[in-house]
Structures are given as C-alpha cells and as structure tokens.
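Please read the structure below before turning to the comments.
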Amino acid sequence: MNLRGTPGGWRTDMTQEGKGLTQEDISMLMKRVVSNENVLRAAERVGKNKGSHGVDEMDVKDLQTHLHENWRQIRQGLLEGTY
C-alpha cells in the first residue's frame, strides 16, 4: 500500500503527532484489516453479492483462487506498506 506517493510507506501526514493516527495505530488497524476473520468475511460478502469485476476484470471465483495462492505475499505487503 503506497499512499500519497510516499514510497513504501504510510501517509506521513497521518502519522505526525497531533495530526491523527500514530504509526502504531496504523499498524494495529492494518493487522485487523488483514486478519483471516476479516478477509473471509469480506470474501463471503463479495460472493453473496455476486461481486462485479474490478479494474483487473477478475471474477469472484478467480479472486478466491488468486487469494488462496498469493495471500501470504499480499498480506505481508499490506502490513509493510509496500502493496
């Protein structure tokens, strides 16, 4: 995740003291976002809603396969702020 052009990291204006979230806050939030429970719940919702293709044109079945095969790397990239 690369926000506001900060290479390999989080938005600096969100982590400056007194201006919002700390780096620790963001880290804890991201751990919750990428938790197995949260990701499975989100995938179930997409499936139930018959989620439409995104810009990558990946359908729900392809997404499930992609996540199954690549989740470790995707999760790590999200936690490190590089995805």
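Here, each number is a calculation from the coordinates, and none is a lab measurement. These numbers come from a predicted model, not from an experiment. Here Cβ is always computed from backbone atoms with ideal geometry, including for glycine, and neighbour counts include all displayed protein chains.
Points to keep in mind about this one:
- Per-pair calculated FRET efficiency, R0 = 41 Å: Asp59 and Lys31 via Cβ, rounded to 0.05: 0.90
- Sorted ascending by nearby beta carbons within 10 Å, beginning with the fewest, His53, His68 become His68, His53.
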